[in-house]
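The structure appears right after this line, and notes come after that.
The values are calculated or read from the model by the stated rules, or taken from the named source; none is laboratory data. Given the structure is predicted, the values throughout are model-derived calculations rather than measurements. With ideal geometry, Cβ positions are generated from the backbone for all residues, glycine too; neighbour counts draw on all protein chains shown.
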């Protein structure tokens, strides 16, 4: 139940971000966005999700530190890990639930990392936490939104200058949108292959080595050529229409692009982050079965399916709150702006992941939306909403850590002896 509650909150908060641009630009209804994201998320989780996960998320707490606690046996350390991971799951899930209620997009990774660090400090002392790694993760507060914001600003300025700002935007769109289609298709495919499929890519010969890159580029070139003919046919003769009608027609050309890019983000999230959401639960189950602490544990298929189902349920019942905040309250989003934000966010996450730089998809996407808002000037963003979002980011790690430490102390006092007997038997 605890793992399902965590997955529900991941769906309500984290996954809702992936479709926010498409919903905010009115390219797709909230209902259809939930259906599309649910299918992509569940497919990513069950088909290509990680079947092995680290016992302790991101290596924040060294399990050996639990064994080295004075007067603690290996079995006692296993009990501490079970209680601590349960406390971390509950704390992270509760913080995500509160944030979603307030409509604030926060990072699932930061929530669970902060929660694990909280129980680690209380259980084994400050030296049990890898503060270097914590510093790298916290640095993503700056890296993610800044990189996403700068790139989305540049992309949207290009769209504005080359297409929307032209005397005949319909004619300009026929020439320039195929280039955008090429880059968007290439980035989406590369992100899907090297991020979404990273757990299974070693078993797919067709995508091994540099083949994935060449397949992505060839597919992108084909998509660009096809889009040139389709867009040309759709906008043929419209260059003589009034400017307002031309702009409306051009914006419609971006609708399928923003929907496809949003779905790819949901698929990659399901493939990579579902196991992280329910991974602590897999660690708990493994300890209860083996009575020992392992650095890596298998994630059973039923755990991935449970996580995927919980995420879809959370998205469908509560995800609209975060969708509205990210997609509608920060700045006004049109299909072209949504494409700029999604392309910037996907590119940033892909590049940073390949460079092993800490990056948060949530923070990157929000930063990208801020970037397109700032491209219109400071008046183009709602500063009160932005300040509230930044505040929720700042408090995520300490809030999750404090709640986790409290839950751990309560759980340790109530269930330590019971769990010790259970593992011993």
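Numbers at a glance
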| item | result |
| --- | --- |
| Filter pass, residue 117 being surrounded by 23 or more Cβ atoms within 10 Å (Cβ to Cβ), within 15 Å of residue 397 (Cβ to Cβ) and in contact with a strand residue (DSSP E or B) (Cβ under 9 Å, 6 or more places away or on another chain) | yes |
| Some residue of region 395-408 being at pLDDT below 90 and surrounded by fewer than 23 Cβ atoms within 10 Å (Cβ to Cβ) | no |
| Boolean, residue 133 is at pLDDT below 95, over 28 Å from residue 378 (Cβ atoms), surrounded by fewer than 18 Cβ atoms within 10 Å (Cβ to Cβ) and over 25 Å from the mean Cα position of the chain (by Cα) | no |
| Test: residue in region 68-75 that is modelled with pLDDT of 90 or more and part of a helix (DSSP H, G or I) | no |
| Residue check for residue 160: buried (at least 16 other Cβ atoms within 10 Å of the Cβ) and at pLDDT below 85 | no |
| Region 40-62, residues that are buried (at least 20 other Cβ atoms within 10 Å of the Cβ) and either modelled with pLDDT of 70 or more or part of a helix (DSSP H, G or I) (or both) | 40, 41, 42, 44, 45, 48, 57, 60, 61 |
| Residue list for region 367-394, restricted to those being surrounded by fewer than 17 Cβ atoms within 10 Å (Cβ to Cβ) and more than 28 Å from residue 94 (Cβ to Cβ) | 376, 377, 378, 379, 380, 383 |
| Options 240, 199: the member that is modelled with pLDDT under 90, surrounded by fewer than 17 Cβ atoms within 10 Å (Cβ to Cβ) and either within 18 Å of the chain's Cα centre (by Cα) or farther than 29 Å from residue 42 by Cβ (or both) | 240 |
| Any pair with Cβ under 7 angstrom, 6 or more apart, that starts in region 276-305 at a residue that is more than 21 Å from residue 422 (Cα to Cα) and ends at one that is at pLDDT 70 or above and part of a loop (DSSP other than H, G, I, E, B) | 279/299 |
| Tally, over region 82-109, of residues that are under 17 Å from the mean Cα position of the chain (by Cα), surrounded by 23 or more Cβ atoms within 10 Å (Cβ to Cβ) and outside any loop (DSSP other than H, G, I, E, B) | 8 |
| Odd one out for residue 125 among (1) at pLDDT 85 or above; (2) under 25 Å from residue 315 (Cα atoms); (3) out of contact with any strand residue (DSSP E or B) (no Cβ under 9 Å at 6 or more places or on another chain) | (2) |
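Let's see how each residue does on (1) surrounded by fewer than 22 Cβ atoms within 10 Å (Cβ to Cβ); (2) in contact with a helix residue (DSSP H, G or I) (Cβ under 9 Å, 6 or more places away or on another chain); (3) more than 14 Å from residue 92 (Cβ to Cβ):
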residue	(1), (2), (3)
1	yes, no, yes
4	yes, yes, no
8	no, yes, no
20	no, yes, yes
35	yes, yes, yes
